[in-house]
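The values are calculated or read from the model by the stated rules, or taken from the named source; none is laboratory data. These numbers come from a predicted model, not from an experiment. Using ideal geometry, Cβ is built from the backbone for each residue, glycine included, and neighbour counts are taken over all protein chains shown.
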Amino acid sequence: MKHKYIAKKHWGLGHSAMSGSDALKGGCNDLIDFSIGNPDLVTPIPIIDAAIEDAKNGYTGYGSFRGDPELVSEIVKQYKKDYGMDISSKEIYITPSATAAMYICLKSILDEGDEVIVQAPYYTKYIEQVELTGGKFVTVDTYEEEDFQIDPTRLEAAITDKTKAIILNTPSNPTGNCLSIECMKEIAKIVEKHDILVIADDIYTAYSYQEEFVPFASLPGMFERTITINTVSKNFLMTGWRLAWIVAPDYLTDVFQIINDGIAFTACSVSQRAAIYALKHRKEIQPAITKVFRERVEYAADRINKIPGLSVINPPKGTFYLFPNIKDTGLTSEEFAREVLEDAHILVLPGTAFGECGEGYVRMSCTMDIKQIAEAMDRLEKKFTK
Ligand code: PLP
């Protein structure tokens, strides 16, 4: 990254573990790739058809500055119907992806040196997003023995007079776990006491298997201090459409607009039309999607727990990621990932890609059909059965 024409502050930048995984794939024609959270299934056809129809009808230019009014209105209705929340259209801002949404949020709230607390293991892009927007990245470790819940005492100990926000991600990438309602209530007390914001990265709402998803913003008193991000990427198998939204108090959505005016200006018009259809028909579309991924993680978790040296929380609670514990193999996360790639042609990400406390784990994204998962489990079984 070092070059006289690149700003010196960016000379230390590197690619995240996820972007680097492409390089590992070379030369293996029977590779089973658990590395990236990109669903293998195509966007439901009725969503695509609706978008094509709307494109033909003229939705091909710049849209409204804050998002297609019809989409905004669908989001208002969805929050009321699914979560009983009354939000207004002024509290919604449409963005080109949750990735962009997080960047815009952080850019809007952080002064240089402000601290952002993140539960670890964490989604890898958070670190770059916090640092590139001038913040200091602070982690609070969570542990499998504690069901990957955020411990209130540890959280409070990480808060300083520089803390501006906490990023919460439930259901979580990479652990696949969900924060309990009790844990969220404890967090609510703490953020109130210390007057800090929460950024709720709520993007896996359709993949909460054991309990109904509850948005952090819906807890008493929390809407005023919560910025919620959601996207069509995972909930509707639309990662390539690059479309998301932020729900937050209107003084914040106003600044999101000003900042994004100079980045992407508006979100893709056709993708917004697709999202309108998706949201309107979510009750018909989502159950089938959830079922497919739930079956996959449940199958994979059962198989993993029969492989010597491996174990994973079972039944899985959410997402399409599993975060198996590999400590009993005697290998580090990096060694495990390298060995299973070389010996079994299986690509997983080492848990350390998601923070130091991911040592002893690997992340497996179940974004392939059950037949392939079964084949991968057969190969792992063979490798680890002495
Ligand atoms: N947040 C989390 C926790 C994710 O796992 C991902 C993608 O994997 C994103 C945000 C990015 O979503 P989008 O595709 O809308 O940029």
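Just a few scattered comments:
- Number of positions in the range 71-103 that are surrounded by 23 or more Cβ atoms within 10 Å (Cβ to Cβ) and under 30 Å from A157 (Cβ atoms): 3
- Test: residue in the range 240-257 that is part of a helix (DSSP H, G or I), within 16 Å of the ligand (Cβ to nearest atom) and surrounded by fewer than 19 Cβ atoms within 10 Å (Cβ to Cβ): yes
- Test for L155: is it out of contact with any Gly (no Cβ under 6 Å at 6 or more places or on another chain), at pLDDT 95 or above and in a loop (DSSP other than H, G, I, E, B): no
- Condition check for I196 on (1) surrounded by 16 or more Cβ atoms within 10 Å (Cβ to Cβ); (2) aliphatic (A, V, I, L, M); (3) within 13 Å of the ligand (Cβ to nearest atom): one failure, at (3).
- Some residue of the range 296-318 being free of Cβ contacts under 8 Å to residues at least 60 places away in the same chain and assigned to a strand (DSSP E or B): yes
- Number of residues in the range 258-294 that are outside any helix (DSSP H, G or I), closer than 25 Å to K77 by Cβ and among the hydrophobic types (A, V, I, L, M, F, W, C): the value is 2.
- If the condition is being hydroxyl-bearing (S, T, Y), in a loop (DSSP other than H, G, I, E, B) and within 14 Å of the ligand (Cβ to nearest atom), then the range 199-216 contributes only Y204.
- Identity of the residue in the range 217-239, of a type in the set (S, T, N, Q) and crowded, with 21+ Cβ neighbours inside 10 Å, that ends up farthest from the ligand (Cβ to nearest atom): T226
- Those residues of the range 54-108 which are within 16 Å of the ligand (Cβ to nearest atom) and either in a helix (DSSP H, G or I) or over 23 Å from the mean Cα position of the chain (by Cα) (or both), in sequence order: L71, I75, A98, T99, A100, A101, M102, Y103, I104, C105, L106, K107
- Number of positions in the range 217-239 that are in contact with a strand residue (DSSP E or B) (Cβ under 6 Å, 6 or more places away or on another chain), under 14 Å from Y83 (Cα atoms) and assigned to a helix (DSSP H, G or I): 1
- There is at least one residue in the range 364-381 that is part of a strand (DSSP E or B) and within 25 Å of the chain's Cα centre (by Cα).
- Considering (1) at positive phi; (2) within 15 Å of the ligand (Cβ to nearest atom); (3) free of Cβ contacts under 8 Å to residues at least 40 places away in the same chain; (4) small (G, A, S), the lone condition that G176 does not fulfil carries the number (3).
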